[in-house]
Structure formats: C-alpha cells, structure tokens
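Okay, so here's the structure we're looking at.
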Protein chains: 4
Amino acid sequence: VKGLESLIEHILQGGVHGLFVLGTTGEGPGLGHATKDKVVRRVCEQVNGRVPVLVGITNSSMEESLLMSERSTKAGADAAVLAPPPYFSTLPSELVDYVEMVAARCPIPIFLYNIPGNTKVTIGWSTVVTTSEIPGVIGYKDSSGDMVDLHKVLQKTANRENFSIMIGREELLGEALIWGVDGGVVGGANIFPRLYTALFEAARQHKVKETQRLHNIAMDVSRSFYELDSSSVGYIKSTKAYLALMGICKDYMTPPFKRLEPAQKTILEKRFRELDLDSSIGG
Amino acid sequence: VKGLESLIEHILQGGVHGLFVLGTTGEGPGLGHATKDKVVRRVCEQVNGRVPVLVGITNSSMEESLLMSERSTKAGADAAVLAPPPYFSTLPSELVDYVEMVAARCPIPIFLYNIPGNTKVTIGWSTVVTTSEIPGVIGYKDSSGDMVDLHKVLQKTANRENFSIMIGREELLGEALIWGVDGGVVGGANIFPRLYTALFEAARQHKVKETQRLHNIAMDVSRSFYELDSSSVGYIKSTKAYLALMGICKDYMTPPFKRLEPAQKTILEKRFRELDLDSSIGG
Amino acid sequence: VKGLESLIEHILQGGVHGLFVLGTTGEGPGLGHATKDKVVRRVCEQVNGRVPVLVGITNSSMEESLLMSERSTKAGADAAVLAPPPYFSTLPSELVDYVEMVAARCPIPIFLYNIPGNTKVTIGWSTVVTTSEIPGVIGYKDSSGDMVDLHKVLQKTANRENFSIMIGREELLGEALIWGVDGGVVGGANIFPRLYTALFEAARQHKVKETQRLHNIAMDVSRSFYELDSSSVGYIKSTKAYLALMGICKDYMTPPFKRLEPAQKTILEKRFRELDLDSSIGG
Amino acid sequence: VKGLESLIEHILQGGVHGLFVLGTTGEGPGLGHATKDKVVRRVCEQVNGRVPVLVGITNSSMEESLLMSERSTKAGADAAVLAPPPYFSTLPSELVDYVEMVAARCPIPIFLYNIPGNTKVTIGWSTVVTTSEIPGVIGYKDSSGDMVDLHKVLQKTANRENFSIMIGREELLGEALIWGVDGGVVGGANIFPRLYTALFEAARQHKVKETQRLHNIAMDVSRSFYELDSSSVGYIKSTKAYLALMGICKDYMTPPFKRLEPAQKTILEKRFRELDLDSSIGG
C-alpha cells in the first residue's frame, strides 16, 4: 500500500495528465478481483480528482469486465479501458458486438485497447473506426507498435470530436504525437514521468530536434532496461526493479512471475547510473 | 438450470467415465466467478459421486484460479484442470513455477491442460514431464492436436504410475487410445457420448477395424458440425445447436458470442439426419 | 559424389520402395540449379529403375520449378514433388491455380507436398481434395504433423484410385499407416532404412504391438538425434553427422548452415551406442 | 519489354534517386533466372548511369544468389539487395554467417533487406548492427513496418559512415525520414514517383506540416489501391493495374498469380479519379 502511494505521488509530480491503473504494466489481468477492487479504491481516493483515473477492465469473461466497471465507477474512476477478451478470440464483427454490449452497460466511458502481444487479437483500423461510433466509446489506446495501422486510424477518425487516440509504446511516442495522437499511456512514465511529459510538450509543438533528443533518451531507457529479461513480463520486472532502486516501491511481482535476479539488478543499476537521466532531460 | 440437468443425465447415460465442467467447450473462461460457482455446485450435487467431476480453473489471474479451486473443493469436485494463464504468457520455466505454486495450494489434484489455440502458450513435452513430478499433479489433457509431441510425453511418462494422459481432440481419440493414452475428454461427447465410449472400448482392445469404423463416424461429426461457423467458438455453437435440436438444452452462448444463424441451423439439421448416427454406431 | 553413391546403396539395401531426392532433408531448396541437375542425373543413373525416383521441384519461381521438372524428366525421374512456393504466399485458390499450371506443363506426375514449417503455407484438406482431381497429380506428402487434417484428407480421398498419400513425419508413421496412408517419406530412412521398412510392414498388417515397439525406437531416434541443435536444419545436421559416423558420407552442410559442433557429435555418438539400434530392431 | 522501358522513364522523370529491380514489388523471387538476367541487363542499359541500380538477389539457395550477384555485376548494377533465404529459416547467428559468406563473394556492395511478411524471418536490430560491420555491406532496407525496431537500428548505427538506412513502407516514409533514415524504397513510387520525392524533400527539411500533407495523400493511395485484393501480392496487382490504366505497362502478373478482376479495376479507376493526385501534390 505504501509503495502504491509513493508511486502515485512520484508519477503525479512528473506532471502526467492522467493515470491508467490495472493495465498491462500494472499487471491488472494477473490480479484477483478482490485485489483489483482494493487498488482502484485506494488510487481514486488518493488522486482525488487531480487527474483522470482510467481503469483496466479486460477479462476473458464479459461478466467480470462489467463487474469491474461497476466497482470502478463506485470508486470514482473516470473511464474504463477494454482490450479484446483473451482465451476465446473474437473475429472483428464479434469484437464490435463485444464493445457494444460492454458499452451499453458500463457506467463510465470506455477506451478501446489494442495490445495483441497479450490478447493475441489484433484490432485493425476498420474495427477501431466502427467502434468509435458506439456511444460511450471515447478513445483508443494502441500498444500494437503498428504505425501503418495507426496512421489509418488517425486519418479515418480525424474529423471525429470526443474521440482520443493514445499511443501505448513509448518508443513511438514522439512520432505519434507529431502525427497527431492525443497523448501517450506509456509504462516508462512510472519510472521517469518527467521525460515523457517533456517529450509530449516538444512533440505537440512540432519541435522536431528537441523531440528527437528526448526520444533518444526514451530509446536508451527502452534498450537498457526492458531487454534485461526474456520473460513476457520482463519490462515490468525492470520497471519495478528500477522503482525499488529509487526507493519508491518494492519489486514484488504478481505470481507466478518472479522479480529480477540479483545479477540482473546489478546490470540495471549500472545502466541507470550511466544514463544519468536527470541531467540529460534538463538538456 | 434445467438444460444443465438434462445435459448431465444425457452424458452419463452415454456411459462416460467422468465429467469435465467449465472447460473450453463449457465456456468456463467466459463466465464470471458467481456463475462458475453455481455451475460447479449444481453439477457436483447432481452427479453425486456417480463419476468423478473435474473443474476448469484456468484464469489470467492465479489468485482467481486458487479461489476457484477452493470453491470446487467445497462443492465436492474431484480434480481441477489448469491451463497456462492467458494474457501474460509464461516461458516453460515460469509455467513450471506456476503449476508448482497452484498445486501447493489447490486442495484437490490437478490435471495440466494444453490448449494453445486458446491460451496461445504451447506446453511442450519436456514441461509436461517436469510438471508430472510435482505433488498433486495427476494428469495431462492434450488438446493441441500435436501427436508428435504427445508421443514424446507418452514415452517419457510411460513408467509413471498415477499420471493419466487424456486426449482432447476427438479426431485423434482412436489412435491416441491405441497408442496408450488413458482416455479422452472430448467436446463431442456432449452430443453423442455413446459414440466415444464405444470408440474408447474398441481402441483399448486394439480392435483396429472397429476403432476405425467409429473414428470415421467421429470424423463425419467433426466435419459436418464443427466447420459450420468460422468463429473461434464455432464448434461450441454447433454443439449447442445440436443439443437444442435434440431438446436437451438451449443454444444460448455466453456473450459476446451469438448462437448459430437460422440458415446454419438448417444445414446442421440436414447433416444430422444424413449421418443417422444411431444406426451407424450400432454397427 | 562418392558419399551420394554409398548413401543410395545404403538406403536401397534397407528395403525402401522409392527415393525422394532434393526434398527438405536433401536440402533441395538450398542448392543451385546446376547442383540440383547433377544430383538428379547421378541418382537416376545409379538407381537405374530399381525403385521409383521422386524429385523435389519446389521453388519461389514457377519458371524454375518447371525447368527442374523438365531436367528431372530427362534424367529419368518418375515423379516430381511440389510444395507451395515460398516468398509469395498463395491463398488456397491461388495454390490450386498453381498446381494446375505446373501439372499442365510438367512431363511427369506430381506429388503435392505440405510442409508449412518451411514454406509457411499450410495446405488444408479441402485444397488437397481439390488438387487431387487435377490430371497429373498422383499423390500427397504430408509433413505438417497435423493428424486431424490428414484424417480429413484420408476420408475425403478414400474412394480415389491412383492417388497416394504419404506421411512425412516418422513419429507419425505407425498410426498413419495403420489408418491407411500408402507409405512414408521420412528423413530417418536415410540413417536407418530397415527400421522404417519394418515399421511399414508391421503397421500395414495391423500388428499393433509390433508397430508400437518399432515406433518407440523411431521416437528414440527422433528425440536423441533431432533435438541436438536448435537450427531449423538441426535434424539435417544430425542426420548427416550420423551418416558420417557410419562412414557413409561427409557431414558437409549447404551454406550458410554449418555441421554439428564436435561437442554435439560426441553426444550423438554416445546416444547412438546407447540406442543399439541393430539389436533392437531385430526384436 | 516496352512496358519496362516506359516504366523506367516514368519513374526517372519522377525524380527518384535510384532504382531497385527484382525486389518484392518487382516480383523478383517469382521469376526464373533467365528472365531475371534479361531484366537486369535491360534496366542497366537503359538507365545508363543516370541513377544507381540495385538488384534483388534473394533466393532460397545461396548458390543462386551468388550467381545472380555476378550477373548483376556484369550488367553494370551498383548494389545487390539481400533478404534472408526463404524455406530454410536462419537463426540470427546463421543469418550473420550468411551475410558474411555472400558479402565475401559478391562483387558489388550489399544492402540487407528485412521483409518478414515474405521471408518469414525477422531481422532484429542487433543483427542489423552486427552485419553492418561486415565489409561490403553498405545499407539496410526495412520493410517490416516495425518502427520500434528501426529506432534501435538508427540509434545504434548513428555514428556509422557509409551505412545507409532505407525505409520500405511508404506509409512510414514521412516519420522515418524526419527521424533520420537516408531514404525510401517504396512500391508506390512506381505509380507516382513525384509524390514520394516531394515527401522526401519535405521530411528531410523537417517541414512537418507539408510532410503530413503529402503523407496523407500517400495514405490515401495505400488504402485506396492496396486493399482491393486479399492476395499476398494484392498490392502488386493494384500497382500494375494502375500502371496499365495510365498506359505505362501491362498488368500481367507472374504465375500463378492473376491480374485484378474487371470489377476490381473499375473500383480502382473510380478511386484514382477521386484522388486527383496531380492537383493534390501540387498543393
């Protein structure tokens, strides 16, 4: 609990414009519903309206996703984030049905979430365009890494008001922002929020050189930290190990996954020093 | 509820040696925990020890899987069936960790369940062999369709007592039984249990011609019914439509999936008549 | 050349009923057309009608496949073996077009060859059934390892005369033969032809126990030799290293691939001694 | 031949800085060696040094790739473009071996070519970095669409002189150029070279708005033309149909692939008129 509190303050002080809890980096789908409920309530209480709180409600069961959306609403969350259900894969038309059914019963607005690396379902641009017209659907978070598809989404939703597009891969934040996405929801902001808020500002103002300078630091972070461990949750391990190193929270992982090995942490620490992020960002 | 009751009696009258509830055909991962709880309690009550009851506890959250194993134990289930968690994919060593952690806390014995079409994680033979040594793990259900890998499992666990190997694809039931697997857990047994129990007996006695005759009927069922709908749950739709045709239960699907279209049902009904299963099986 | 000669005599003495040259184990697609031409001519000359010779003509270019079919015909080959072209993947209907176009111009009969591990195109059962009706197409070799699909092929081509079905995975040879395929084209027959001809005879006569005994030896070979090296051509390396050990030919690999490392060869040699195949097969 | 001549003049008049023949859009891997040889000789003769000519030498056989590199050299080509061999997939270390072996014997410099959609082998950034140090390797063409990986390549080869990075997806041309790649090798330049040369100039000068304006036209072209046909060569069919529409060359496809159906061509023609590219580009 203490770790969660200090993590939230750390992130908010970095100037972020919103919080996404129980997403992928937040290990949402790995937690039980009791734990999820507790996390959402604590976060909403602590944030207390300073920024919007988005809650991941992805589940292989629609019934559970809807339960989670109700709990989130009660806790005071601002929006729900919904990826295609894992286990039973949906065809594009089934996915549209799914979003319609959830949106009809979810008390808060919904962001559609494309993260095929985890769900094993790719939401293509035409499905995004179709679901963007469903009442209650207010945005799209793309963590697929597929910029070609994202360009199609951007072009086809350009005239749509009240539909936000967020990029979920920090390595693409710069170019996606220059190209017109509304923001980023990036795991690295847990570690170094100020880097990504600075990148956001530079890119939005089409300051190409400054965007690239900050992007290069983000790439250093990506390569230095995220490739330490070959597990599918390797980057989450590194993120937590890093936060532990800064004294913000413990590096405990939701079972069955294990924290980084001591030898990996030593490498992480060494790279962390070499990067010297604080002075780099200052420019 | 009524449909569940008559389905169970239908299956038990077909001579099956056990029941697997909340598996893939049972749409387990699509149901919420309240519904799952209710299903397990009713089934255990009704079966009342006539055959063993196995319960699917697969979940992207280990916490939820453990909760489900406790509820199943209280309801009187005999074993839990566990597939790799979807969403956060496990490496082989992480999967072994996972099975160890669950087995240490699950009050009833565990079957490992390989169904990469849904979990997107393939359990290879060497992982099966390693997990077969974990206390509490009593068997393996293979729905991968990969007979080469299954042969390796069979050879490497040949001398292990108290470890059962079940085949999950009815199209492979005949050869797998001839080759020494202990049984089958096949979706088609919901429809026509007597076909698969007859196939079981023939194959176990190495009556090759009779096994092939029954296998060919099982293949007719597979081709005639399962390929009607291109959804990932198409074969579940067909199974339910068929049961509705026989007046056993409704063909309602867990959302977001929808039942077969009327036109598809007409084809199903026509094929059902052509197959004339009752007289075929009699031989 | 000498190695090729002694390899052919070794295989023919093992009692095989045909030779497939320039297939996958024969590294066909890795050789240039001049080398391929030389191999086909030498093999046909040496075999001199003792058994049929089949030649792999798979190529990303149809023009090249047709050239190879002409050269093979001139050399005296009995049939051509054709897999879907790699590089430009074909849809099922395009694959049917492809087979039609090749068959119309190929002077010798054609076997269709399903090996998705290499071509990255899966030939499904309905495409096999459609192509089986094309004049000039006389058979199907399935190296996919997908027994469910093969059962559909078997059932749907059961009444077709002059269409042979061959299994390409030695780990499935026993059950496929019991189930009615016409033969096997297996890499392991390069090493130990007598094992697979014995397995063929036992399975065709539905001697289940004897088939399983020999199958278990084939599985030992598979696990002991083929998993030594993680390269996509690892099993070819092991096959060649084994033949070199027996003094039959060199273990030279077509570039860019390299032969087994000395340490791997030492393991191979040890396993070879432990298996003691000669006395095992004798029974 | 006439079509090839007018196509080349059409492209050169569009201001391109080089020509890549026998690539993917050029159907290189689908042609036989005699045809390839003829194409290379004619193109080199006609271009006659006005721009550099690059030749695709990708083949499942290294022997054939080397033959093609010799023929290209004789014809006067400036560089060879090499993708991983299809059919026998290479591990990263094997791919490095492969590039080393080819580079040692190829008389002209080599571009490494990443096109996993066709070769089914992904060249990761670290392999690019390793191969970039091999003598004779002078550049990298990335058609993977994976901008995250490309950013790692860019960062890690930033200080390397004489190593060019080209982007192969026209939908990513704008951002890749802004981010520092050296150029694009894009299929769309066959149709409308002036669009892509204008995009190139704008992006290189960091004129973000103008780059986006031209990028949006390129996206229109992509969506309007490339998604007409579901074949893996669908975009090649559309490209040729478009060129036929403009009277530049025939829309003949290398077998087994077929040209667009008349109904598809009608749609193409309609979209072509709607786009009114000439006036759009002029701005």
*May I ask you to list the residues in region B:246-283 that are assigned to a loop (DSSP other than H, G, I, E, B) and among the charged types (D, E, K, R)?*
B:LYS250, B:ASP251, B:LYS258, B:ARG259, B:GLU261, B:ASP276
_I need a count of the residues in region B:140-178 that are of a type outside the set (S, T, N, Q), touching a helix residue (DSSP H, G or I) at 6+ places or on another chain (Cβ under 7 Å) and either over 17 Å from C:ARG169 (Cβ atoms) or not in a helix (DSSP H, G or I) (or both)._
12
*State the number of residues belonging to region D:72-98 that are within 19 Å of C:ASN118 (Cα to Cα) and over 19 Å from the mean Cα position of the chain (by Cα).*
10
*Please enumerate the residues belonging to region D:5-27 that are out of contact with any strand residue (DSSP E or B) (no Cβ under 9 Å at 6 or more places or on another chain), on the phi < 0 side of the Ramachandran plot and surrounded by 16 or more Cβ atoms within 10 Å (Cβ to Cβ).*
D:LEU7, D:HIS10, D:GLY14, D:VAL16, D:THR25
_If I go through region D:228-247 residue by residue, how many of them are closer than 18 Å to D:THR197 by Cβ and more than 19 Å from the chain's Cα centre (by Cα)?_
1
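One line per residue, one yes/no per condition, for (1) within 27 Å of C:SER126 (Cα to Cα); (2) of a type in the set (Gly, Ala, Ser):
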site: B:GLY174; (1), (2): yes, yes
site: B:GLY188; (1), (2): yes, yes
site: B:ILE191; (1), (2): yes, no
site: B:THR197; (1), (2): no, no
site: B:LYS237; (1), (2): yes, no
site: B:LEU243; (1), (2): no, no
*Restricting the search to region A:90-118, which residues are within 13 Å of chain B (Cβ to nearest Cβ) and farther than 18 Å from A:GLU63 by Cβ?*
A:LEU91, A:PRO92, A:SER93, A:VAL96, A:TYR113, A:ILE115, A:PRO116, A:GLY117, A:ASN118
*Here are some residues: A:GLY183, A:GLY139, A:GLY188, A:GLY124. Which one is modelled with pLDDT under 95 and of a type outside the set (Lys, Arg)?*
A:GLY188
*Among (1) assigned to a helix (DSSP H, G or I); (2) within 14 Å of chain B (Cβ to nearest Cβ); (3) at pLDDT below 95 - the single one A:LYS237 does not satisfy*: (3)
*Among the residues of region B:179-187, is any among the charged types (D, E, K, R), part of a helix (DSSP H, G or I) and either touching a strand residue (DSSP E or B) at 6+ places or on another chain (Cβ under 8 Å) or at negative phi (or both)?*
no
*Would you pick out the residues in region B:35-51 that are of a type outside the set (D, E, K, R) and over 21 Å from B:ARG105 (Cα atoms)?*
B:THR35, B:VAL39, B:VAL43, B:CYS44, B:GLN46, B:VAL47, B:ASN48, B:GLY49, B:VAL51
*Identify, by number, the condition in (1) over 17 Å from the mean Cα position of the chain (by Cα); (2) under 30 Å from C:LEU66 (Cβ atoms); (3) within 14 Å of chain B (Cβ to nearest Cβ); (4) modelled with pLDDT under 95 that C:VAL153 doesn't meet.*
(4)
*Go through (1) touching an Asp or Glu at 6+ places or on another chain (Cβ under 9 Å); (2) surrounded by 19 or more Cβ atoms within 10 Å (Cβ to Cβ); (3) not aliphatic (A, V, I, L, M) one by one and return the number of the condition B:ARG71 breaks.*
(2)
_Considering only region C:255-276, I want to know if a residue exists there that is crowded, with 18+ Cβ neighbours inside 10 Å, within 24 Å of C:GLY15 (Cβ to Cβ) and more than 14 Å from chain D (Cβ to nearest Cβ)._
yes
*Mind counting the residues in region B:168-199 that are among the aliphatic types (A, V, I, L, M) and within 14 Å of another protein chain (Cβ to nearest Cβ)?*
8
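A quick yes/no check of all residues on (1) modelled with pLDDT under 95; (2) among the aliphatic types (A, V, I, L, M):
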| position | (1), (2) |
| --- | --- |
| C:ALA203 | no, yes |
| C:VAL208 | no, yes |
| C:THR211 | no, no |
| C:ASP220 | yes, no |
| C:SER230 | yes, no |
*Could you list, in sequence order, the residues of region B:28-43 that are within 14 Å of another protein chain (Cβ to nearest Cβ) and crowded, with 23+ Cβ neighbours inside 10 Å?*
B:GLY28, B:PRO29, B:GLY30, B:LYS36
*In region C:174-209, what count of residues is obtained for those that are surrounded by 21 or more Cβ atoms within 10 Å (Cβ to Cβ), over 15 Å from the mean Cα position of the chain (by Cα) and not hydrophobic (A, V, I, L, M, F, W, C)?*
2
*So how many residues does region B:123-153 have that are hydrophobic (A, V, I, L, M, F, W, C) and more than 17 Å from B:ALA79 (Cβ to Cβ)?*
7
_Pairs where the first residue, in region B:150-169, is of a type in the set (Ser, Thr, Tyr) and the second is in a loop (DSSP other than H, G, I, E, B), C-beta under 9 Å, 6+ apart_ = B:THR157/B:SER132; B:THR157/B:PHE163; B:SER164/B:VAL181; B:SER164/B:ASP182
*Please work out which one of (1) within 12 Å of chain D (Cβ to nearest Cβ); (2) crowded, with 23+ Cβ neighbours inside 10 Å; (3) over 14 Å from the mean Cα position of the chain (by Cα) is the condition A:PHE225 fails and give its number.*
(1)
*Can you name every residue in region B:188-217 that is under 26 Å from B:LEU22 (Cα atoms) and not in a helix (DSSP H, G or I)?*
B:ILE191, B:PHE192
*Candidates D:SER232, D:SER224, D:SER280, filtered to the one that is within 24 Å of D:GLY32 (Cβ to Cβ) and of a type in the set (S, T, N, Q)*: D:SER232
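Table: residues versus (1) among the hydroxyl-bearing types (Ser, Thr, Tyr); (2) in a loop (DSSP other than H, G, I, E, B); (3) under 24 Å from A:LYS258 (Cβ atoms); (4) at pLDDT 95 or above.
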site: B:THR25; (1), (2), (3), (4): yes, yes, no, no
site: B:ALA34; (1), (2), (3), (4): no, no, no, yes
site: B:LYS38; (1), (2), (3), (4): no, no, no, yes
site: B:GLU100; (1), (2), (3), (4): no, no, yes, yes
site: B:ALA103; (1), (2), (3), (4): no, no, yes, yes
*Hits in region C:119-142 - residues which are under 20 Å from the mean Cα position of the chain (by Cα) and within 11 Å of another protein chain (Cβ to nearest Cβ)*: C:THR119, C:LYS120, C:VAL121, C:GLY124, C:TRP125
*asked:* For C:VAL53, only one of the following conditions fails: (1) touching a strand residue (DSSP E or B) at 6+ places or on another chain (Cβ under 6 Å); (2) among the hydrophobic types (A, V, I, L, M, F, W, C); (3) under 21 Å from C:THR119 (Cα atoms). What is its number?
replied: (3)
*Name every residue in region B:75-89 that is more than 10 Å from chain A (Cβ to nearest Cβ) and closer than 17 Å to B:GLY23 by Cβ, in order of residue number.*
B:ALA75, B:ALA77, B:ASP78, B:ALA79, B:ALA80, B:VAL81, B:LEU82
*asked:* Name the residue that is farthest from the other protein chains (Cβ to nearest Cβ), counting only residues in region C:50-71 that are within 14 Å of the chain's Cα centre (by Cα) and in a loop (DSSP other than H, G, I, E, B).
replied: C:PRO52
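The values are calculated or read from the model by the stated rules, or taken from the named source; none is laboratory data. This structure is a prediction, so every number in the text was calculated from the model and none was measured. Positions of Cβ are generated from backbone atoms using ideal geometry, with glycine treated the same way; all protein chains shown enter the neighbour counts.
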